[in-house]
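The values are calculated or read from the model by the stated rules, or taken from the named source; none is laboratory data. Keep in mind it's a predicted model, so treat the numbers as computed, not measured. Virtual Cβ from ideal backbone geometry, glycine too; neighbours counted across all protein chains shown.
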Amino acid sequence: MALGADWCNSARGFMFALGCIQSRACHTDFCPTGVATQDKLRQRALVVPDKAQRVQQFHRNTMESLAELIGAAGLTHPGQVRPELLMMRDATGQAVPMSRQLPTLAEGVLLNDTLDANALPEPFKSYWQRARVEAFGLA
């Protein structure tokens, strides 16, 4: 979100809260825990009231942790997080603000009909040039 996303999604933690053991059999209908199956017998392994409570607790604790991090940064809302507030390691192992490591774009610049892709900083320039319907063989 510090890089401009409006929201982010995370399913893995919720899957763990349900009892997923990452057997990587979701697509086979043989999920050993019953989390990702249509098989009635395997579904019996899921005790919905218990799992509902676990998921609710996971979500509550995740939100509380986020609130603690936001507060510790002196902010009141996740939307206030900016790249200069987050630190990351550079190639030498030094902690530097994310704003120094990653290029940024002005708000709405990619929505401009007269956008000159050659004027974009890397990696946006190469990404934008590849982001064409022709690049996928669909035109």
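Do the conditions hold for Ala91, that is, is it closer than 24 Å to Arg12 by Cα, in the same structural domain as Cys8 (by TED's automatic domain parsing) and either over 22 Å from the mean Cα position of the chain (by Cα) or part of a loop (DSSP other than H, G, I, E, B) (or both)?
no
Just a yes or no: is a residue in the range 19-26 under 23 Å from the mean Cα position of the chain (by Cα) and either within 29 Å of Gly79 (Cβ to Cβ) or in a helix (DSSP H, G or I) (or both)?
Taking every residue of the range 19-26 in turn, at least one turns out to be under 23 Å from the mean Cα position of the chain (by Cα) and either within 29 Å of Gly79 (Cβ to Cβ) or in a helix (DSSP H, G or I) (or both).
Which of the residues belonging to the range 36-60 are among the polar types (S, T, N, Q), under 22 Å from Ser23 (Cβ atoms) and surrounded by fewer than 15 Cβ atoms within 10 Å (Cβ to Cβ)?
Result: Gln38, Gln43.
Does Glu68 satisfy the condition of being in a helix (DSSP H, G or I) and within 21 Å of the chain's Cα centre (by Cα)?
Spelling it out, Glu68 is indeed in a helix (DSSP H, G or I) and within 21 Å of the chain's Cα centre (by Cα).
Checking Met1 against (1) part of a loop (DSSP other than H, G, I, E, B); (2) modelled with pLDDT of 90 or more; (3) under 19 Å from the mean Cα position of the chain (by Cα), which single condition isn't satisfied?
(2)
Counting just the residues of the range 91-114 that are at pLDDT 90 or above and exposed (fewer than 12 other Cβ atoms within 10 Å of the Cβ), which one comes out nearest to Lys125 (Cα to Cα)?
So, considering only residues that are at pLDDT 90 or above and exposed (fewer than 12 other Cβ atoms within 10 Å of the Cβ), the one nearest to Lys125 (Cα to Cα) is Ala91.
Counting only residues that are of a type outside the set (Gly, Ala, Ser), without any contact (Cβ under 8 Å) to a residue 60 or more places away in the chain and assigned to a helix (DSSP H, G or I), which one in the range 71-88 is surrounded by the fewest Cβ atoms within 10 Å (Cβ to Cβ)?
Glu84
Per-residue answers, yes or no, for (1) hydrophobic (A, V, I, L, M, F, W, C); (2) farther than 29 Å from Leu85 by Cβ:
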site: Gly13; (1), (2): no, no
site: Asp39; (1), (2): no, yes
site: Arg42; (1), (2): no, yes
site: Leu46; (1), (2): yes, yes
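Residue pairs, Cβ under 6 Å, 6 or more apart or interchain, first in the range 128-139 and closer than 14 Å to Asn118 by Cβ, second outside any loop (DSSP other than H, G, I, E, B). List them.
If the second residue must be outside any loop (DSSP other than H, G, I, E, B), the pairs left are Trp128/Ala117; Gln129/Ala117.
Of all residues in the range 96-137, which are under 22 Å from the mean Cα position of the chain (by Cα) and assigned to a helix (DSSP H, G or I)?
Listed by number, the residues that qualify are Met98, Ser99, Arg100, Gln101, Leu110, Phe124, Tyr127, Trp128.
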